[in-house]
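Okay, so here's the structure we're looking at.
The values are calculated or read from the model by the stated rules, or taken from the named source; none is laboratory data. As the structure is a prediction and not an experimental result, all values here were calculated from the model. So basically every Cβ, Gly included, is an ideal-geometry build from the backbone, and we count neighbours across all protein chains shown. Surface accessibility is based on the protein's heavy atoms, side chains included, excluding ligands, DNA and RNA. Shrake-Rupley method; radii C 1.70, N 1.55, O 1.52, S 1.80 Å.
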Amino acid sequence: MGKHRRNSHRMRARGTMFFGSVTVSLAVGLTAILAPSSSAGDADETPALVRATLPVLAEEVAPPAEPQPEEPAAEDAVPAVPADSGEGRRVVFSQDDQRVWLVEDDDTVTSTYLVSGSRFDNLDPGSYEVRARYRNATSFDNSGTMEYFVEFTTGWSEPIGFHAIPIDHDGQLEQSLDQLGEALSAGCIRQNIEDAAFLWDWAPMGTPVIVV
């Protein structure tokens with residue numbers, strides 16, 4: 001009876017590793033080895049190895065979605081030259097749109113941009129031409145100066161033409177660039193300095209000017 005109890009105690013001590021007389025080792029996706037355990041009386045016997053490969057249960061993973069190319073931002077459409085604005089190489093000024101177009105002989109547009117024309121009704125629609133050019137000029141009321149003056153007509157009493165935004169006696173622009181597109185002048189067509197310089201070079205004496 002005492003011997004039987006000691007054997008039972010030994011088997012319980014090994015209970016975490018042995019089940020009966022077989023040692024079991026398991027791993028998913030690896031090889032399982034089953035080997036009979038040896039006792040002290042079986043020291044001369046070589047345990048047989050039994051190998052079995054367990055299947056890998058891989059979870060299917062969806063491939064990452066390919067990034068969709070961004071659509072290019074639509075460019076702002078260039079406003080078309082107003083209808084019935086003449087033919088050939090010319091400067092076109094729209095009082096309604098407060099915009100200028102520089103048009104070539106083949107009707108292609110070299111440049112178009114917003115301007116600030118007269119806030120008074122002192123420029124009639126019609127056909128004109130460049131008749132004078134002043135690299136620097138003074139406003140009719142002596143309130144400031146302007147560059148790149150291209151004259152094409154006369155208003156109530158003073159010349160009217162294209163020029164850069166006037167600069168007052170404090171050296172400040174009389175309007176902001178953001179205000180181009182609004183009628184703010186006393187008669188002429190105000191432009192930013194780059195556009196004024198370009199038109200000065202592009203429109204020599206005699207260049208047609210069409211006001212619509």
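Just need a number here: residues in region 179-212 that are under 35 Å from the mean Cα position of the chain (by Cα) and crowded, with 20+ Cβ neighbours inside 10 Å.
Final tally of qualifying residues: 9.
If you scan region 106-129, which residues turn out to be open to solvent by less than 60 Å² (accessible area, probe 1.4 Å) and on the phi > 0 side of the Ramachandran plot?
Result: Gly126, single match.
Which of (1) within 13 Å of Asp195 (Cβ to Cβ); (2) without any contact (Cβ under 8 Å) to a residue 60 or more places away in the chain does Arg99 not meet, given it meets every other one?
(2)
Show the residue pairs that are 6+ apart or on different chains and have beta-carbon atoms under 8 Å apart, the first residue being within region 190-207 and part of a helix (DSSP H, G or I), the second being surrounded by 19 or more Cβ atoms within 10 Å (Cβ to Cβ) and among the small types (Gly, Ala, Ser).
Listed pairs, sorted by first residue: Ile193/Ala164; Ala196/Ala164; Ala197/Ala164.
Please return the ranges of strands (runs of 3 or more DSSP E) entirely within region 106-149 where 2 or more residues are more than 36 Å from the chain's Cα centre (by Cα) and free of Cβ contacts under 8 Å to residues at least 24 places away in the same chain.
Result: 132-138.
When you go through (1) in contact with a Gly (Cβ under 9 Å, 6 or more places away or on another chain); (2) over 22 Å from Pro79 (Cβ atoms) one by one for Ser127, which number turns out not to apply?
(2)
Answer with yes or no whether Thr138 is surrounded by fewer than 15 Cβ atoms within 10 Å (Cβ to Cβ), closer than 21 Å to Val92 by Cβ and polar (S, T, N, Q).
No: the conditions fail for Thr138.
List every residue pair whose Cβ atoms lie under 6 Å apart, where the two residues are 6 or more positions apart in sequence or sit on different chains, the first residue falls within region 151-170 and is surrounded by fewer than 16 Cβ atoms within 10 Å (Cβ to Cβ), and the second residue, located anywhere, is at pLDDT below 95.
Within 6 Å, the pairs are Trp156/Asn122; Glu158/Phe140; Asp168/Gly144; Asp168/Glu174.
Hey, among Val81, Val100, which residue is within 25 Å of Gln175 (Cα to Cα), at pLDDT 95 or above and open to solvent by less than 50 Å² (accessible area, probe 1.4 Å)?
Val100
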